[in-house]
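Have a look at the structure below before the remarks.
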């Protein structure tokens, strides 16, 4: 799977976070998103958005808020486990 041309995986994740937060986000990729308002409902919304964007289904065992707490962790999960390319 590939991401849209001229975008990094981090940029696509940030775009999806902006959609979930309903505002532009400019977080450092190591920022703990839970401290920025990422709760369980927003995490589910983010997961669904990522699944649709990349045409994947995230396994139940990966549905831990910790896996989605930082952009770097999301990138690692998507690229290493689901083959989403940067």
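The values are calculated or read from the model by the stated rules, or taken from the named source; none is laboratory data. Just so it is clear, the model here is predicted, and its values are computed rather than measured. All Cβ positions, glycine included, derive from the backbone under ideal geometry; neighbour counts span all protein chains shown.
If you go through region 1-24 and pick out every residue that is modelled with pLDDT of 90 or more, within 13 Å of the chain's Cα centre (by Cα) and part of a loop (DSSP other than H, G, I, E, B), you end up with 1. Scanning region 31-61 for residues that are surrounded by 14 or more Cβ atoms within 10 Å (Cβ to Cβ) and touching a helix residue (DSSP H, G or I) at 6+ places or on another chain (Cβ under 9 Å) yields a count of 15.
Which is farther than 17 Å from residue 8 by Cβ and part of a helix (DSSP H, G or I), of 78, 46, 38? It would help to see each step written out before you state the result.
Details: 78 fails: farther than 17 Å from residue 8 by Cβ; 38 fails: part of a helix (DSSP H, G or I).
Criteria check complete, one pass: 46.
May I ask you to verify whether residue 40 is within 10 Å of the chain's Cα centre (by Cα) and in contact (Cβ under 8 Å) with a residue 24 or more places away in the chain? No; evaluated as a whole, the condition is false for this residue.
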